[in-house]
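See structure below.
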Amino acid sequence: MKKFGTFGGVFTPTLLTILGVIMYLRLGWVVGNAGLLGAWSIIILAFGITLTTALSMSSITTNTRIGAGGAYAIIARALGLEVGGSLGIPRYISQGLAVTMYIFGFREGWLSIFPEHPAFLIDVLVFVVLYGIAWKSAELAIKTQYIIMAIICASLAVIVMAAFNGSMVNGTADVVRFGSYSGVSAEGSEKFWLVFAVFFPAATGIMAGANMSGELKNPGRSIPKGTLWAIGVSFVIYMLLAYWIARSASEYELVSNYNIMIEKAWFPPLIIAGVLGATFSSALASIIGSSRILFAMGQHRVLPQSEWLEFQDKAGQPRNAMLVTGVLIFATMLLRDLNAVAPLVTMFFLITYAMLNIVVIIEQRLGLVSFRPTFTVNHIVPWVGLIGSLFTMFIINPIISLVSWALMFFVYGLLSRRKLETRFEDVRSGLFTSFAEWAAKHTAENVHQQERTWKPNLIVPVGDNAAVQGSFSIIRDLAYPKGAAVLLGIGDGEKGDLNMRLHATSRAFQQVDVHSSVAMMRTNSFAEGVNFGNQALTAAFFRPNIVFLNLLEAKEAVDDFPKIIGEARRLELGVIVYAPHPLAMLGRQQTVNVWLRAQAPDWEVTPEHQNQDLALLLAYKLKLNWSAKVRIITVVDDFEDQTKARNYLQQVIALARMPIDETRVIHGNFFEQLNHTPPADLNFFGIHPGNDMNYYHETAAKVGTTCLFVMDSGHENIFA
């Protein structure tokens, strides 16, 4: 595939896009309204915003290999495919609209010469020529742009010749420095900003070269160099043209006649040719650039039928992306009037500018060693570019600005639901880590226990992956949506596939929105591996707070559970012993019983509500995740305590703000009453230290349901 250098691949398309129709047909109007100094201020402000963004883009492109797609690829690589796609899709569509508007602009210029020609036929013929050049190859498009650049240079030359032949009839003293804004219907300072809004699109062509990133020999060198040179050259041209036109025509002529530059030129037909060339080259650059954006999104699997969209022929041309782009452009041509959506084109340019500056701000703030651009910029530069871009959006049209951002967030939401698989590393992990470190430091300074922000972070010791698969649904339902599950593999290393199987199970948890990770402990002792793992994790900030012990594990592992429970108590960790009923399993997942220990003789609710908080919190999570009913039960030995017990349960419900569906007070011996357990799909009981593992099996068999035996860590509080 033919690769292009700085001049042909970046400088030429960028310069031709900036030197567009606004230069020929609106610069005089800007000068007439704002005066020479006012017009210079507008040009400096517009190019200042553009320049800061170009500097930010240069910094990024010298730090990474961006591939095809230009700004889309930069943003996708930095902030992820969802953010890149949420910008890339609307921007691709808006570039298709831009091509149509450039074609319409070409038609208007053509009709000024040949008014008798059919308008629609001109549009179709221009589209066919444009599309044919772009379809043939990017190389032909660039060669065509060389011809157009020669025409534009010739048009500027006849302006210079006009200046030397006396067109600048006004003396310096006669030049209007600050205009009266007679061509603008607004009040006060709004006049300046309305004129600025008309001019600013002239400065939005800096992405034309970056869109060719996938077809450049050295994007990291060509994009900064070509873009900055194009900005510099076009800035000088605009400033000199403003001076020439200010001295060549009166204020009235400038405001009332859009064709004043044509009329004042030494050879007017060349100016008309320049207008036609400017619209043609801008349309050509937009066709090529938009098809490359679509192709890049196909490569990254952002869109449906991405495999088809990423097809390239032997010459490296994205044929299928070109087909879709051609259909889009022709369809928009049939609308015939794009005035209502035209501002969206400028808005998505500005959103792109804002996002590029945001990427640099994030990279600079994170301070990662991977951010080593060979083109460095001061930290103020991206902030100026970001603020300027946002400010300009709302100056031009606040309503369409909000609509543009809303559309971008809408597309982001759709792409987020697709769970796109990123093929490259982005800076989001560094960003999230930075936030986490900041939060950890500030949370560590808080002397209070984090009871209100408690969530279940399970550590699940696993000797046999089949055991965790058998308890997958209960672990998921206890942890979802904000909790986590760390799978702690215990083995002597001989079963080499345990680590692999646990990672597969961990990915399955992540697919159901439960954060999961895997750690391996190489040891022959199940208890030793779990206890050492728990001890090591006590220094971690985001450490597990519940040990999930599974009676589906091998007998040798289950026999070690008492040692693990004892060490967990010392480490202030909660414990769950999962005792599945071999037949009932989790039943219909409609009813949960929580057995609360008797509080005789006082039956008073105290803040230190040990050994019951964790069970109630977990039952509440199952109520939400199962849409289940929760029943709390307590057993009294003394018949006269029943009223106190009922009042106690009601107090617990009221203070805990728990949506409990039913309370039950049972009189008699606890173990004898298990045979008469109210029907449920799952029962919660407290852990009694010292009981052997047979007790948990027998209890589950006695109540006829799966059971969770729970021990508090002391850091939960149902009343928080």
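Binning at 5 angstrom from zero up to the longest distance, how are the C-alpha pair distances of region 448-573 distributed in percent?
2, 11, 23, 25, 22, 13, 4, 1, 0
For the chain, list log₁₀ I(q)/I(0) at each q in 0.05, 0.07, 0.09, 0.11 Å⁻¹, using the Debye formula over Cα point scatterers of equal strength and ignoring solvent, two decimals each.
Once normalised to I(0) and log-transformed, intensities are -0.40, -0.66, -0.84, -1.05.
Filter the cross-link list LYS143/LYS264; LYS563/LYS621; LYS136/LYS264; LYS3/LYS264; LYS225/LYS264 down to pairs whose alpha-carbon distance in this structure exceeds 32 Å.
On the way: LYS143/LYS264 30 Å; LYS563/LYS621 28 Å; LYS136/LYS264 39 Å; LYS3/LYS264 41 Å; LYS225/LYS264 34 Å.
Check vs 32 Å cut-off fails for LYS136/LYS264; LYS3/LYS264; LYS225/LYS264.
Sequence gap at least 6, Cα distance under 8 Å: using those rules, report the relative contact order of region 580-720 to the nearest whole percent. Could the numbers behind the result be given before it?
Details: 235 pairs, mean separation 54.7, N = 141.
Across region 580-720, relative contact order equals 39 percent.
Per 10 Å bin, what is the whole-percent P(r) computed from every C-alpha pair distance within region 556-680?
11, 37, 37, 15, 1
Compute the acute angle (0 to 90°) between the alpha-carbon long axis of helix 119-136 and the principal axis of greatest extent of the alpha-carbon atoms of the chain; round to the nearest 10°.
70 degrees
Sorted by mean Cβ packing within 10 Å, highest first, what order do the peptides 622-634, 642-654, 216-228 take? Walk me through the numbers before you get to the answer.
Values: 622-634: 18.8, 642-654: 16.6, 216-228: 22.3.
Going from most to least packed, we get 216-228, 622-634, 642-654.
Along each principal axis of its Cα atoms, how long is region 49-93 end to end? Whole angstroms, biggest number first, please.
24, 23, 16
Please rank LYS621, LYS143, fewest neighbouring Cβ atoms within 10 Å first, as an exposure proxy. Walk me through the numbers on the way to the answer.
Details: LYS621 18, LYS143 13.
Sorted ascending by nearby Cβ count, the order is LYS143, LYS621.
What do you get for Rg/Rh of region 103-180 when both radii come from the Cα atoms and Rh is the Kirkwood radius? Provide the component values of the computation, followed by the final result.
On the way: Rg = 18.7 Å, Rh = 16.0 Å.
Taking Rh as the inverse mean 1/r over Cα pairs, Rg/Rh reads 1.17.
Relative contact order of the chain, please, whole-number percent, based on alpha carbon pairs below 8 angstrom and at least 6 residues apart.
Details: 1200 pairs, mean separation 117.7, N = 720.
Relative contact order of the chain: 16 percent.
Please list 3J(HN,Hα) in residue order for region 147-154, calculated via the Karplus relation 6.51 cos²θ - 1.76 cosθ + 1.60 where θ = phi - 60°; whole Hz, with x for glycine and proline.
5, 5, 4, 5, 5, 5, 4, 5
Once each part is reduced to its C-alpha centroid, what is the distance from region 479-525 to region 36-58 in angstrom?
If you average the Cα positions of each part, the centres end up 54 Å apart.
Order of 695-705, 81-91, 505-515, 677-687 by packing, highest average Cβ count within 10 Å first? Kindly include the intermediate steps, with their values, before the conclusion.
Working: 695-705: 18.9, 81-91: 25.2, 505-515: 16.0, 677-687: 21.2.
Descending mean neighbour count gives 81-91, 677-687, 695-705, 505-515.
Would you please name the GluC sites (Glu not before Pro) within region 570-662 that are DSSP coil residues with at most 16 other C-beta atoms within 10 Å of their C-beta?
On the way: sites: GLU572, GLU604, GLU608, GLU640, GLU662; in loops: GLU572, GLU604, GLU608.
Counting only loop positions with at most 16 other Cβ atoms within 10 Å, the GluC sites (Glu not before Pro) in region 570-662 are GLU572, GLU604, GLU608.
No value in this document is a laboratory result; all are computed from the given coordinates. Here the structure is a predicted model, which means the values were calculated and not measured. We place every Cβ from the backbone using ideal geometry, glycine too, and count neighbours over all the protein chains shown.
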